[in-house]
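> Following this message is one structure expressed as structure tokens.
Quick note: the coordinates plus some simple rules give every number you see, no bench work behind them. Every value quoted in this text rests on a predicted model; they were computed, and no experiment measured them. Every residue, glycine as well, gets a Cβ built from its backbone with ideal geometry; the counts of neighbours run over all protein chains shown.
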Amino acid sequence: MTELNASPAGLPAVRLDMKLNVNQRLVDLQTWMTAWQQEDKRLAQRVHDLNPNHQADVLLGAQIAGLRRHLPLTVTQRPIYLDPGIVQETSLERLRRHLHGQYAQLSAAKRQLWLSNLHFLLTPTLCALIDKLDAIRRYRSIGQQRCFLVGGVSGVGKSSLLNWYAVNHLPTIEATYNHVPVIKIDAPVSNRTPKPLFQRILMRCGAPPLRGDEEHYLQLLTLYFQRCDVELLIVDEVEHITIPALRRRLLELSNLTGVPIVCASCNPLTWAANDTEIQGRWNDYFELGQLTDRRLDAFLTLLEFLLPFDQDSYLGLREVKGADGQATVPGPAHYIEQWTDGVLREVMVLITDACYKALESGQLSLTMAILEQAWRDIKRAKVVNFLDYLRAKQGVVHA
């Protein structure tokens, strides 16, 4: 893969700037897209070969399903970084000419492939969270343990970022065991026993399903965390763990292994409440917020540079000139915030769907009419999982 311009803090990303080479980026996107589709087909075949009457195969099937859900994030192994600092480095008009000139040479098929960049984007806030995840892994290497909470309303990018981070730190197969630097699981809804939680973690280590009580599973985790050199455990949807005794089991796992644990949910502070030891261990909080007002305007302005059209869409404007050319009327940014409440998932689904509609109808830009039609279609068929939407667009269907 060709090395492109580096992003802040050495992140595996590509800055949106004057060095962005559209043709080279398309080559990389096609490579990643092909690899994803091939791997998804391989995993689908493995699922068909499993025996639903064998408990081990059932657990393996669940593990494969989780991996397949997150594989689309590998399409942007080096995501585009929307850096507001580009405004100080060059004029937006110069950047617009640099990119529009390259877009003008693209076929319709390549423009649709280019939209794969929208699968996952980095913003300064998401980069800060990645830096934090990297930092607590470094702390562990010098004998320090740091745990923290990640929160924010549904759709602001928590799970997408954590899934992307885990997918970019997948296990490697060694001669005698797997090297598993990062484990990411979703907390089970069942609260009768901690065994489902422990099983999910063990499966990420590549451990075969074993029988035993809670203490035995805890001992196995202590063993496998050492053998697999686990550096970070991420537990998403942690609000599912409601029983105090089960929360204590997570604390105990942290005590026994020394591995930092990141817990994420819409409101993780509530999850940690009423337990001083839990609050003491998870005493750091990172919140992802909605994109509203000027933050949304700035995001949409930068995002528009990634849209493969020949003309401007003025997505970041709150007001535009009316049909008479004199009075002003609400612009795209006004309506996008009104429709989506600044929730990143909703914004990206709206823009992505509108781009497909515009390309299919041969439009030179996104118009308000196209945005309105895209939003009406989204409301009729509510999209709650952005990756499912992307799979459908790419024709990848799960059995």
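> Roughly how tilted is helix 195-204, in degrees to the nearest 10 and between 0 and 90, from the longest Cα axis of the chain?
Computed tilt is about 70 degrees.
> Using only C-alpha positions, report the orientation-averaged shadow area of the convex hull of the chain, nm², one decimal. Display every interim value, and only then the final one.
Numbers: hull surface 87.4 nm².
Result: 21.9 nm².
> Further question: Once you have the Cα-Cα distance between residue 318 and residue 139, take 0.36 nm times their residue separation minus that, and quote the gain in nm to one decimal. Display every interim value, and only then the final one.
Working: separation 179, 0.36 × 179 = 64.44 nm, distance 4.42 nm.
Full extension from residue 318 to residue 139 adds 60.0 nm.
> Debye sum, Cα scatterers, region 125-287, no solvent: what log₁₀ I/I(0) at q = 0.17, 0.20 1/Å?
For region 125-287, the Cα-only Debye profile gives -1.03, -1.47.
> Also, I was wondering about something else. So what is the orientation-averaged projected area of region 114-157, using the convex hull of its C-alpha atoms, in nm²?
4.2
> Which of the trypsin sites (Lys or Arg not before Pro) across region 100-205 are loop residues per DSSP, with 15 or fewer other Cβ within 10 Å?
Details: sites: 110, 111, 132, 137, 138, 140, 146, 158, 184, 192, 200, 204; in loops: 146, 192.
When the trypsin sites (Lys or Arg not before Pro) of region 100-205 are filtered for loop state and at most 15 Cβ neighbours within 10 Å, 192 remain.
> Just grab the label-to-label distance for residue 34 and residue 91, each label 7 Å out from Cα along the Cβ direction, in nm (one decimal).
Between residue 34 and residue 91, the simple spin-label model gives 4.1 nm.
> For every helix of n ≥ 4 consecutive DSSP H residues, a contribution of -39,500 (n - 2.57) applies; sum these over the chain, divide by its total residues, and give [θ] at 222 nm rounded to the nearest 500 deg cm²/dmol.
Values: 17 runs with 203 residues, N = 399.
After summing the helix terms and dividing by the residues of the chain, the value is -16000 deg cm²/dmol.
> Please work out the FRET efficiency for the pair residue 65 and residue 154, using the Cβ-Cβ distance as r and a Förster radius of 22 Å; give the result to the nearest 0.05.
Details: r = 21 Å, r/R0 = 0.96.
So the FRET efficiency works out to roughly 0.55.
> Something else about it: Suppose the chain between residue 267 and residue 54 were pulled fully straight at 0.36 nm per residue; how much longer would it get relative to their current alpha carbon spacing?
On the way: separation 213, 0.36 × 213 = 76.68 nm, distance 3.75 nm.
So the chain would gain 72.9 nm between residue 267 and residue 54.
> Quote the charge dipole size of region 203-278 about the Cα centre in Debye, to the nearest 20; the model charges only the Cβ of Lys and Arg (+1) and of Asp and Glu (-1).
Numbers: 6 positive and 11 negative charges, 33 e Å.
Approximately 160 debye in magnitude.
> Here is a follow-up. Expected output is a single nm value to one decimal: the length gained when fully extending between residue 132 and residue 27, i.e. 0.36 nm times separation in residues minus the C-alpha distance. What is it?
Difference between extended and current length: 34.7 nm.
> Whole Å is fine, so just give me how far the alpha carbon centre of region 211-264 lies from that of region 61-136.
33
> Continuing with the same structure: Below 8 Å between Cα atoms, with a sequence gap of 6+, how large is the relative contact order for region 125-287 in percent? Walk me through the numbers before you get to the answer.
On the way: 246 pairs, mean separation 54.9, N = 163.
Normalised by residue count, the contact order of region 125-287 is 34 percent.
> Could you give the dipole magnitude of the chain about its Cα centre, charging the beta-carbon of Lys and Arg +1 and that of Asp and Glu -1, in debye to the nearest 20?
Values: 43 positive and 42 negative charges, 117 e Å.
Result for the chain is approximately 560 debye, rounded to the nearest 20.
> Angle between the Cα long axis of helix 293-304 and the longest principal axis of the chain, 0 to 90 degrees, nearest 10?
For helix 293-304, the angle is close to 80 degrees.
> Which value in nm describes the separation of the simple spin-label points at residue 326 and residue 174, placed 7 Å from the Cα toward the beta carbon?
Result for the modelled spin labels: 7.6 nm.
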